[in-house]
Amino acid sequence: MVIDMSKKFKIPRGTSDILPQESLVWQDLEKKARKILNLYNYREIRTPIFEETDLFARSMGQTSDVVQKQMLNLTSQRLDEKGHIQLSGLSLRPENTASVVRSYIENSFDKKESLSRLFYLGPMFRGERPQKGRLRQFHQIGVEAIGPGSSSPYLDAEVIALCVNMLKSFGLKKFELKINTLGTLACKNNIHDRLIGCIEPRVDRLCDDCKERYIRNVFRVLDCKKNSCKSVIKAIAFGKDWLDEESLQYYEQVKTALAELDISYTEDPSLVRGLDYYTHTVFEVSDASLGSQDALGAGGRYNHLVSQLGGPQVDAVGFAVGVERILLAKQGSDNESEEDLDLYFLAIEETCVNEIFQMAEQVRRSWKGAPESLSVGINYQVSSMKSQMRAANKARARFVAIYGLDEKRQGKIKLKNMETGAEQDIPKEEFIEKFNAAIIEPGIKE
Ligand code: AMP
């Protein structure tokens, strides 16, 4: 292989760097998510970012768009003369439900607890045509509630409420929740046949993709955003008689439970979700201001997936929200974090650098933890006081510790509160104690 040494590298299409300033916003979002997930008793699970391709094909369905067109497969790579790493047959995960279920089965969760409330956050990968809100690497926060004890309609309502409340905790206000039911597996098959029947006389009005979807997976036609297909969907007379008594009753119980939690929703009979594994409740949360890629998150019940993947017959319900879409929806409101740095050391003379270098480390080591974390920075570039203070401002430091020849002679460090401008000369040996007090009680007296 010839390597072009003059080549400038670029980030792969459909991916993005999360730069330090943005990553503070991500951390904030993740922190809020963890807080609310904990409130609802969900525990984190981390699965690999790649799995056997067949796992996704079997769970999402061979005919789903993701499996047909968007899987990012790994290719095998020769390691050494003794053998290969077998990467063929593996794919980057396009979603995480299948992996969580695989792990649930492999680790026999059903033998340990009757209901496993699990959550995950991390990157997912789909070979899509990139556009605003649609990436090849994107991030999801999701939950799965799986187990013999997961068959209650209250759990559907709980999961939907968790999704809505999580989005609210991120500061989102304008989103819409749509719900629907596909009923039992038998009903879902019935809906499938009815859809085929309703669309058949109008197939020629569908876009080329949907003509194919009509044959492969008719449910996916209902997700199409093209006007011609939308008008075909609008003409479908969905009826309660498409569902059996058991399914209708289950759906009523979910809706009553949602009302009891004050969760407002719109019913949309055309909401079906294009993945094979859903039965009964399906839901989607969207924000119209996002344009064509307006879905913030989606989920539903999947009572047959665990058994379909070789596990016990246990029910399950879950959802996933997309982090990038949430951030797009939030854009402009609170993109910047407040403070970056608690204490910034600067030396006025080159001969003072060694001492502040040691002092900064002592402050870090002595930190007892209130506030929770402390961030201590240091400027090794000795220059004029003015330009160093400019650097401190840019770093948005709360306090600056200044050390020059005068301070050295007096055995002191000057601590400046950047918010109030107040300064205090503190004997070196008392610095840690005084700084600790100042950061908890920020009003330093002159
Ligand atoms: P899905 O697994 O397709 O139901 O997706 C759940 C959520 O993940 C969506 O509502 C989006 O917020 C997000 N999402 C899905 N695909 C992408 C993508 N290609 N780029 C960015 N976000 C995505």
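Below, the figures for the structure above:
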{"read-out": "Cβ pairs under 7 Å, 6+ apart, first in region 242-254 and under 9 Å from Pro153 (Cα atoms), second among the hydrophobic types (A, V, I, L, M, F, W, C)", "value": "Val254/Ala157"}
{"read-out": "Single residue of region 117-167 satisfying the filter (part of a helix (DSSP H, G or I), more than 16 Å from the ligand (Cβ to nearest atom) and not small (Gly, Ala, Ser)) that is farthest from Asn38 (Cα to Cα)", "value": "Pro153"}
{"read-out": "In region 17-49, the residues that are in contact with an Asp or Glu (Cβ under 8 Å, 6 or more places away or on another chain) and either among the hydroxyl-bearing types (Ser, Thr, Tyr) or within 16 Å of the ligand (Cβ to nearest atom) (or both)", "value": "Tyr40"}
{"read-out": "When residues of region 290-319 are limited to those that are open to solvent by 20 Å² or more (accessible area, probe 1.4 Å) and of a type in the set (D, E, K, R), the one nearest to Ile141 (Cα to Cα)", "value": "Asp294"}
{"read-out": "Of all residues in region 267-289 being open to solvent by 60 Å² or more (accessible area, probe 1.4 Å) and over 21 Å from the mean Cα position of the chain (by Cα), the one that is nearest to the ligand (Cβ to nearest atom)", "value": "Asp276"}
{"read-out": "Region 4-26, subset over 18 Å from Gly127 (Cα atoms) and of a type in the set (S, T, N, Q), residue most open to solvent (accessible area, probe 1.4 Å)", "value": "Ser6"}
{"read-out": "Residue list for region 108-127, filter: in contact with a Gly (Cβ under 7 Å, 6 or more places away or on another chain), hydroxyl-bearing (Ser, Thr, Tyr) and over 27 Å from Phe138 (Cβ atoms)", "value": "Ser114"}
{"read-out": "Filtered residues of region 425-437 (kept if buried (at least 18 other Cβ atoms within 10 Å of the Cβ) and assigned to a strand (DSSP E or B))", "value": "Ile426"}
{"read-out": "Conditions (1) open to solvent by 30 Å² or more (accessible area, probe 1.4 Å); (2) modelled with pLDDT of 95 or more; number of the one not met by Gly322", "value": "(1)"}
{"read-out": "Lone qualifier among Ser292, Ser307, Ser337 - being away from the ligand (no atom under 16 Å from the Cβ) and at pLDDT below 95", "value": "Ser337"}
{"read-out": "Exclusive hit being open to solvent by less than 50 Å² (accessible area, probe 1.4 Å) and hydroxyl-bearing (Ser, Thr, Tyr), set Thr181, Thr256", "value": "Thr181"}
{"read-out": "Residue tally, condition of a type outside the set (Val, Ile, Thr) and open to solvent by less than 30 Å² (accessible area, probe 1.4 Å), over region 140-168", "value": "15"}
{"read-out": "Pair list, Cβ < 9 Å and 6+ apart or interchain, from region 61-87 residues that are at pLDDT below 80 to residues that are among the charged types (D, E, K, R)", "value": "His84/Arg78; Ile85/Arg78"}
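The values are calculated or read from the model by the stated rules, or taken from the named source; none is laboratory data. This structure is a prediction, so every number in the text was calculated from the model and none was measured. Note that we place each Cβ from the backbone using ideal geometry, even for glycine, and neighbour counts take in every protein chain shown. Each accessible area value is taken on the protein alone, full model and side chains, heavy atoms only, with ligands, DNA and RNA left out. Shrake-Rupley method; radii C 1.70, N 1.55, O 1.52, S 1.80 Å.
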